[in-house]
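J.: One structure, pasted below without further comment.
The values are calculated or read from the model by the stated rules, or taken from the named source; none is laboratory data. Not measured: the values here are computed from a predicted model. Here the Cβ positions follow ideal geometry from the backbone for every residue, glycine too, while neighbour counts run over all protein chains shown.
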Amino acid sequence: MAKMLDSIQKPGDLKHLTPAQLEQLASEIRDELVSVVSANGGHLASNLGVVELTIALHRIFDSPRDKIIWDVGHQAYAHKLLTGRRQKFHTLRQHGGLSGFTSRSESEHDPFGAGHASTSVSAALGMAVARDLAGDDYNVIAVTGDGAITGGMALEGLNQAGHLGSRLIVILNDNDMSISPTVGAFARMLDRIRFDHRYLIGKEKSQRLITRMPLGKKAWRAALTVESWVKGIIKPTTIWEALGFTYMGPVDGHNLKALESALQRAREFKANPILVHVVTTKGKGYQPAEGDAVYFHGIPARNGGKKAAPTYSDVFAETVLKLMHENPRVVVITPAMPEGNSLTIVQAELPGRVFDVGICEQHAVTFAAGLATQGYLPIVAIYSTFLQRSYDQIIHDVCLQELPVVFAIDRGGIVGDDGKTHQGAFDLSYLSLIPNLIVSAPKDENELQHLLFTATRARKPMAVRYPRSAGLGVALDEKFQELPIGKGEILRHGNDAAIIAIGSMVAPALEAACLLAGNGVEVSVVNARFAKPLDNDLILEAASRTHRLVTIEENTLQGGFGSYVTGVIRQAGMQDVQIKCLGLPDRFIEHGPQVFLRSKYGLDASAIVKEVLTFVRLHDNKAIRL
């Protein structure tokens, strides 16, 4: 039997379907989502929750002329299926395939690329203002979530949108509550009244009449106060109307008829920006995801059941729990990522000392700075890609004041299938140039726990950067060790060259050294451990002994670890020392498996061997067996 989904090549194909066909289509979309995401990994529960909303959006609006902007973009899988990407959907999050987020380069139906939350309102407002300046009349719709709208940037966008009064539709996808039939029916009744043009005209006439009476202006202000107070009791409209928006809702996000009716009225409403409150169920239609929406928010690809070592995130959380038991002044802050950072075990045991601040990275850092001024030791647990959003706060509020805040930076380096928006490719560069900040990266999970312990005793700002992956399976020491700040270690001795690696690149460097020995090349391997301050003595000693240095980092080469090592050599006047820097190129790294991408960009053991052999051959007269 032919699938309804296979007949949808463009959004316009939806407009003539019957209600029964639309229900069938929604079911087929959910089946496709479960099938592909279960195999490839990705965001499942959030996408299952917006199937009807996506269908309704494309039936009421005319993409790509009308602009539909999905916040974060991780819930746009159904949107991809309905906008000409059905045949490639099986390539979702695969190298060379569809992105797991919206992407302007992927489709004209993606007017704005997004991988970070809270951006849709600002982007949509920019498009709406551009439309008005050009004298055009297309619709602009921002779809944001109850999590994303807590972000400071979303509130900034709402504030300006209300101030400008631009014609803009914001859809609040609220998937953290259910609808009472009574409340829903009453809400629909109020919406019919509030969006009836006769009501709006009547209100304007009443205002003109009352304000002409004795004490009329005071009477009208009193009437508005009473109206606002009553609305605030009945419906959560007051905050939106204070921001200059007209509020509609709540609307059942799984009732296509109700959704289309609400969206059509929103499309026809021209007076000012409008917020449509849509209530959905995360994981809708797939019982496991409905029962555990947190787990099924983002699921990994199938791995054949292979059991791996604990992840760096897991070791981080276990270490933090121990540190908090040892020191009552240690607290943890996460910007809406307790699960991703494995902090749920800490929340369960010490809930009063774990602060989830929502999608507010800037606030998270300055909040930590405030705690630090009062003698607490805050650990800000945050992904590398999201730490970028709080750069000013790191500089101005933490490092300028030299406050002892610990930055536990998860997902440093290549993250894999999440792609360009999430690769932690820049943190060694953007952190190492900040005064007063110590920047470190462990070679394995055992060193991770020791660096975290060291950070809580440093009395200065310190960053500990670690990768998204399982650990190496090394044994963890029972007692923490305070490591000397700015000191590395030599792990292997050799005089033909020295490999200076940092963080996740130490293990492949050691593997490469073993392979090089089989080719008659003996290299030293140095675990730098600190990107700042560098161990200048160790670097200069290795340089003077081998005259050939190879630096390796899972970070962009632009302003990265290798450039700082090169600076040490050049400042010492060692012109006879040859240096080769390995790292990520000056480009945004695409999505794909971590193993594949490390090989592609020359950061696995075999690639390191080839680079070192070529390097040594270029700078040595003796023959090398290739």
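J.: Which of the residues belonging to segment 366-392 are of a type outside the set (Ser, Thr, Tyr), in contact with a Phe, Trp or Tyr (Cβ under 8 Å, 6 or more places away or on another chain) and assigned to a helix (DSSP H, G or I)?
T.: Residues satisfying the conditions are Phe367, Leu387, Gln388.
J.: Note down all Cβ pairs under 9 Å where the first residue falls in segment 2-31 and is over 20 Å from Phe89 (Cβ atoms), the second is assigned to a helix (DSSP H, G or I), and they're at least six residues apart or on different chains.
T.: Pairs found: Lys15/His58; Lys15/Arg59; Pro19/Leu256; Pro19/Lys257; Glu23/Leu256.
J.: In addition: Report whether or not Asp174 is modelled with pLDDT under 90 and either in the same structural domain as Leu243 (by TED's automatic domain parsing) or surrounded by fewer than 20 Cβ atoms within 10 Å (Cβ to Cβ) (or both). Working first, answer last.
T.: Working: modelled with pLDDT under 90: yes; either in the same structural domain as Leu243 (by TED's automatic domain parsing) or surrounded by fewer than 20 Cβ atoms within 10 Å (Cβ to Cβ) (or both): yes.
Yes; evaluated as a whole, the condition is true for this residue.
J.: Can you confirm whether segment 320-342 contains a residue that is within 20 Å of the chain's Cα centre (by Cα), surrounded by fewer than 18 Cβ atoms within 10 Å (Cβ to Cβ) and at pLDDT 95 or above?
T.: no
J.: Hey, among the residues in segment 25-52 that are in contact with a helix residue (DSSP H, G or I) (Cβ under 7 Å, 6 or more places away or on another chain) and outside any helix (DSSP H, G or I), which one's modelled with the highest pLDDT?
T.: Val50
J.: From the list Ile395, Ile409, which residue is under 17 Å from Ile379 (Cα atoms), touching a residue at least 12 places away in the same chain (Cβ under 8 Å), under 22 Å from the mean Cα position of the chain (by Cα) and part of a strand (DSSP E or B)? Walk me through how you get there before you give the answer.
T.: Values: Ile395 fails: part of a strand (DSSP E or B).
It is Ile409.
J.: Can you pull out the residues in segment 123-149 that are crowded, with 19+ Cβ neighbours inside 10 Å and either more than 14 Å from Pro273 (Cα to Cα) or of a type in the set (S, T, N, Q) (or both)?
T.: Answer for segment 123-149, where residues must be crowded, with 19+ Cβ neighbours inside 10 Å and either more than 14 Å from Pro273 (Cα to Cα) or of a type in the set (S, T, N, Q) (or both): Ala123, Asn139, Thr144, Gly145, Gly147, Ala148, Ile149.
J.: Now, a different point. Hey, any hits in segment 436-452 for a residue that's assigned to a helix (DSSP H, G or I), within 22 Å of Leu403 (Cβ to Cβ) and modelled with pLDDT of 95 or more?
T.: Narrowing segment 436-452 to residues assigned to a helix (DSSP H, G or I): 445-452.
Right, trim to within 22 Å of Leu403 (Cβ to Cβ) and you get 451-452.
From what is left, the residues that are modelled with pLDDT of 95 or more are 451-452.
The answer is yes; a qualifying residue exists.
J.: If you don't mind, another one. Being within 25 Å of Phe588 (Cβ to Cβ) and not assigned by TED's automatic domain parsing to the domain that holds Val37 is the requirement here; does Gln362 meet it?
T.: Working: within 25 Å of Phe588 (Cβ to Cβ): yes; not assigned by TED's automatic domain parsing to the domain that holds Val37: yes.
For Gln362, the condition - within 25 Å of Phe588 (Cβ to Cβ) and not assigned by TED's automatic domain parsing to the domain that holds Val37 - is met.
J.: Related question: How many residues are farther than 21 Å from Leu263 by Cα and in a loop (DSSP other than H, G, I, E, B) if we restrict to segment 143-157?
T.: 2
J.: Another one. Can you confirm whether Ile68 is surrounded by 23 or more Cβ atoms within 10 Å (Cβ to Cβ), touching a strand residue (DSSP E or B) at 6+ places or on another chain (Cβ under 7 Å) and closer than 19 Å to Gly12 by Cβ?
T.: Details: surrounded by 23 or more Cβ atoms within 10 Å (Cβ to Cβ): yes; touching a strand residue (DSSP E or B) at 6+ places or on another chain (Cβ under 7 Å): yes; closer than 19 Å to Gly12 by Cβ: yes.
Criteria met by Ile68.
J.: Given the condition surrounded by fewer than 24 Cβ atoms within 10 Å (Cβ to Cβ), assigned to a helix (DSSP H, G or I) and not assigned by TED's automatic domain parsing to the domain that holds Leu437, answer yes or no: does some residue in segment 479-487 qualify? Break it down stepwise before answering.
T.: First, the residues of segment 479-487 that are surrounded by fewer than 24 Cβ atoms within 10 Å (Cβ to Cβ): 479-487.
Still in the list and also assigned to a helix (DSSP H, G or I): none.
For segment 479-487, residues surrounded by fewer than 24 Cβ atoms within 10 Å (Cβ to Cβ), assigned to a helix (DSSP H, G or I) and not assigned by TED's automatic domain parsing to the domain that holds Leu437: absent.
J.: Which of (1) touching a Pro at 6+ places or on another chain (Cβ under 6 Å); (2) free of Cβ contacts under 8 Å to residues at least 60 places away in the same chain does Gly41 not meet, given it meets every other one?
T.: (2)
J.: Any residue that is within 19 Å of Ala76 (Cβ to Cβ) and in contact with a strand residue (DSSP E or B) (Cβ under 9 Å, 6 or more places away or on another chain) - is there at least one of those in segment 128-138? First the steps, then the outcome.
T.: First, pick out the residues of segment 128-138 that are within 19 Å of Ala76 (Cβ to Cβ): none.
There is no residue in segment 128-138 that is within 19 Å of Ala76 (Cβ to Cβ) and in contact with a strand residue (DSSP E or B) (Cβ under 9 Å, 6 or more places away or on another chain).
J.: Can you pull out the residues in segment 59-78 that are part of a helix (DSSP H, G or I), at pLDDT 95 or above and within 24 Å of Ser118 (Cβ to Cβ)?
T.: Matches in segment 59-78: none.
J.: Quick one: how many residues across segment 578-597 are within 19 Å of Leu557 (Cα to Cα), outside any strand (DSSP E or B) and among the aliphatic types (A, V, I, L, M)?
T.: 2
J.: Being in the same structural domain as Lys322 (by TED's automatic domain parsing) and closer than 30 Å to Gly113 by Cα is true for just one of Leu400, Leu437, Leu431. Which residue is that?
T.: On the way: Leu400 fails: closer than 30 Å to Gly113 by Cα; Leu437 fails: closer than 30 Å to Gly113 by Cα.
Criteria check complete, one pass: Leu431.
J.: So, one more: Farther than 17 Å from Ser440 by Cα, not in a strand (DSSP E or B) and not assigned by TED's automatic domain parsing to the domain that holds Asn436: is that true of Leu549 in this structure?
T.: Numbers: farther than 17 Å from Ser440 by Cα: yes; not in a strand (DSSP E or B): no; not assigned by TED's automatic domain parsing to the domain that holds Asn436: yes.
For Leu549, the condition - farther than 17 Å from Ser440 by Cα, not in a strand (DSSP E or B) and not assigned by TED's automatic domain parsing to the domain that holds Asn436 - is not met.
J.: Out of Ser63, Ser105, Ser118, which single residue is farther than 28 Å from Leu164 by Cβ and either of a type outside the set (D, E, K, R) or more than 20 Å from the chain's Cα centre (by Cα) (or both)?
T.: Numbers: Ser63 fails: farther than 28 Å from Leu164 by Cβ; Ser118 fails: farther than 28 Å from Leu164 by Cβ.
So the residue among Ser63, Ser105, Ser118 that is farther than 28 Å from Leu164 by Cβ and either of a type outside the set (D, E, K, R) or more than 20 Å from the chain's Cα centre (by Cα) (or both) is Ser105.
J.: Taking the stated definitions as given, is Lys88 crowded, with 20+ Cβ neighbours inside 10 Å and part of a helix (DSSP H, G or I)? Break it down stepwise before answering.
T.: Details: crowded, with 20+ Cβ neighbours inside 10 Å: no; part of a helix (DSSP H, G or I): yes.
In short, no.
J.: Here is a check on your reading of the model: is Ala148 within 23 Å of Glu268 (Cβ to Cβ), of a type in the set (Gly, Ala, Ser) and at pLDDT below 90? Working first, answer last.
T.: Working: within 23 Å of Glu268 (Cβ to Cβ): no; of a type in the set (Gly, Ala, Ser): yes; at pLDDT below 90: yes.
Answer is no for this residue.
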